[in-house]
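Have a look at the structure below before the remarks.
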Amino acid sequence: MLAETPSTDFGMAERKKPTDGVVTGYGKIDGRTVYVFGQDFTVIAGTVGAAHAEKIAYCIETARKIGVPVIGLYDSAGARIQEGLDVTRAIGKIFFQNSITSGTVPQISAIMGPCIGVAAYSPALTDFIIMVKGTSQMFITGPSVIREVTGEEVSMEELGGAKIHSEISGVADLVTSNDEECLQHIRKLLAYIPSSAFQVPPRVVSTDDPNRRIEDMENLVPEDPKKPYDVRRVIRRLADNDEFFELKPKWARNLVTGFGRLHGHSVGFIANQPLFLAGSLDVDCSDKASRFIRFCDAFSIPIITLVDVPGYLPGTKQERAGIIRHGAKMLYAYSEASVPKITLYLRKGYGGAKQAMCTREMGADQLFVWPGVELAVMGAAGAVGVLYKREIEQAANPEEMRRQKLEEFSERFSGPFEAVAKQYAHNAVRPEETRVRLIQALEMLTTKQEDRPRKKHGLMPV
Amino acid sequence: MTPVTAPMVGKVLNIQVKVGDRVQEDDTIIVMEAMKMEIPVVAPVTGTIQEIKVAAGDMVESEAVVALIE
């Protein structure tokens, strides 16, 4: 479309050019149709004028009607203020299209330059945000406004660069080192997800044996429950060809999310990460997990949850940050999700935190435990301190009594037997057979159908 | 000078480096215990250890500076 700005105010008549700073159209990625819009910084600094915004809104609307993904490449100096109210109205149309399209077709945003001011809300309404290191920035109010209002001096990069959004704010899902890599990542991401909510994810022919046993699996998770390990190694060993496409890898690192494949089927992995904050649940990782769960559910991607969780992160900071309402999101998202859900306990699950990791009550269709698992209402030491407080205090040798009770308690609640006997788990699986069993369960669940009560929409805690 | 900070409240179990040691980014500086787990506190940058501010057995707050790297 060779649309141009209708404005002639503030010298715009001399600056106007065809396209109005954004190119829109469709093409194919791996043989699949996609819609794309790309802002062009060389035309009026990629500023968003009314015609520009109309083109983007129309592009998103069309992708939704056709049922194909829409990819936005952002590179713009912001709203074109010369056009006044017309611009804000047109930008509103983009937000509306982004919002109502959410959950129908995938929306992917690549931030390949500045994406600032109110325009930053467009990618925020999409499913994935990829930023390019060093050249992309996202913020609502810029350095000059901040200086004027608060007196704070901050650079664009410190305010909203890729590092900030991928490590602190959690806005960005991925960071790439250059534009080419950014485009490659979009292709990789698309390979895991269907073109619309009414299709199934693309299945690839897997070269990895579905009956592959993983003899060293046990060594990846130390027996000593105090020892941390990198759960991403477990995920990679389970997935086809050791491939795991991690999202938000540097934010809320106490929980890992990302896509992989099992016998060619696309799956979403969610796992506690003992390397960070002992793998406990907090405000940020609840956001990270629930957003990912909802994406998987909206686009028919089965969810594999790997559990090794000591509890919620204690402290006034978390309570005041609203861990109650944030933590509730995980419970809500897992309960709401009707895609196949498979949960695997690697080592331990304590208290309420294990409910947040998709128990049978939260709708896990298959729940497996490894032989060394410990499931309890709380950790052994804490439980013994409460349950046997008096016995320990009154004992001739309190330390000896504590040790003895601890041993009794651990023996009673460790291992898979109680979990299986009481139907918390469907089955115990050996670490080396885990991949085989996950694939069998996943293929068994392909035809799963599960309805929810009819309603306009639920009220997810936010 | 880059501070190395404790990721969460916990007890210092042991210290893996001494002043003057050269460390790479992500090397373990100290090991803490919290939430029934050993938690490695790693170097945020590559550099030389200038100061260690804690000893084994100390309780540290979240975000407390445990060491400095130049």
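Please treat every number below as a calculation from the coordinates, not as lab data. Just so it is clear, the model here is predicted, and its values are computed rather than measured. Reconstructed Cβ throughout: ideal geometry from the backbone, glycine too, with neighbour counts over all protein chains shown.
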**Request:** May I ask which of A:LYS133/A:LYS250; A:LYS65/A:LYS288; A:LYS163/A:LYS250; A:LYS28/A:LYS188; A:LYS354/B:LYS11 have a Cα-Cα span longer than 21 Å here?
**Result:** A:LYS65/A:LYS288; A:LYS354/B:LYS11
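Give me the Å³ per residue figure for the convex hull around the C-alpha atoms of the stretch A:150-281.
Roughly 165 Å³ of hull volume per residue.
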**Item:** For the protein assembly as shown, alpha-carbon Rg and Dmax in angstrom
**Value:** 25.6, 93
**Prompt:** Once the Cβ-Cβ distance between A:ARG390 and A:VAL462 is put in as r, and R0 is 51 Å, what FRET efficiency do you end up with, to the nearest 0.05?
**Reply:** 0.70
**Complete:** Looking only at lysines whose Cα falls under 18 Å of A:LYS448's and that sit 8 or more positions away or on another chain, we get A:LYS341
**Whole-percent pair-distance distribution, where bins are 10 Å wide, for the alpha carbons of the stretch A:58-116** = 22, 46, 29, 3
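Hey, with R₀ at 45 Å, roughly what FRET efficiency would A:GLU407 and A:LYS133 work out to, going by the Cβ-Cβ distance, to 0.05?
Efficiency for this residue pair is about 0.30.
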**Complete:** Packing-ranked peptide list from A:28-35, A:347-354, highest mean Cβ count within 10 angstrom first, is A:347-354, A:28-35
**Request:** For B:ASP58, put the label point 7 Å out on the Cα→Cβ axis and report which residues of the stretch A:266-283 keep their amide N under 20 Å from it.
**Result:** A:277
**Complete:** Highest mean packing first, using Cβ neighbours within 10 angstrom, the peptides B:30-39, A:36-45 sort as B:30-39, A:36-45
**Asked** Can you give the average number of partner chain beta-carbon atoms within 10 Å of each beta-carbon in peptide B:22-31, as a whole number?
**Response** 0
**Request:** Report, ordered by chain and residue number, the aspartates and glutamates lying within cross-link reach of A:LYS422, taken as a straight Cα distance under 17 Å and ignoring same-chain residues fewer than 8 apart.
**Result:** A:GLU361, A:ASP365, A:GLU374, A:GLU411
**Fill in**
Taking every DSSP bridge whose two residues both lie in chain A, the antiparallel percent to the nearest 5 is 35
**Message:** Using a 7 Å offset from the Cα along the Cα-to-Cβ direction at both A:GLN184 and A:ARG213, what is the distance between the two label points in nm, to one decimal?
**Reply:** 3.7
**Antiparallel bridge percentage (DSSP; both residues within the stretch A:9-192; nearest 5)** = 30
**Asked** Between A:SER155 and A:MET444, what is the FRET efficiency for a Förster distance of 41 Å, r being their Cβ-Cβ separation, to the nearest 0.05?
**Response** 0.15
**Request:** Quick one: which residues, 5+ away or cross-chain, put their amide H under 5 Å from the amide H of A:VAL175? H built at 1.01 Å from N.
**Result:** A:MET131
**Request:** With both partners inside the stretch A:317-462, how many of the DSSP beta bridges are antiparallel, as a percent to the nearest 5?
**Result:** 10
**Complete:** Over chain A, the sum of -39500 (n - 2.57) across DSSP H runs of at least four, divided by residue number and rounded to 500 deg cm²/dmol, gives at 222 nm -10500 deg cm²/dmol
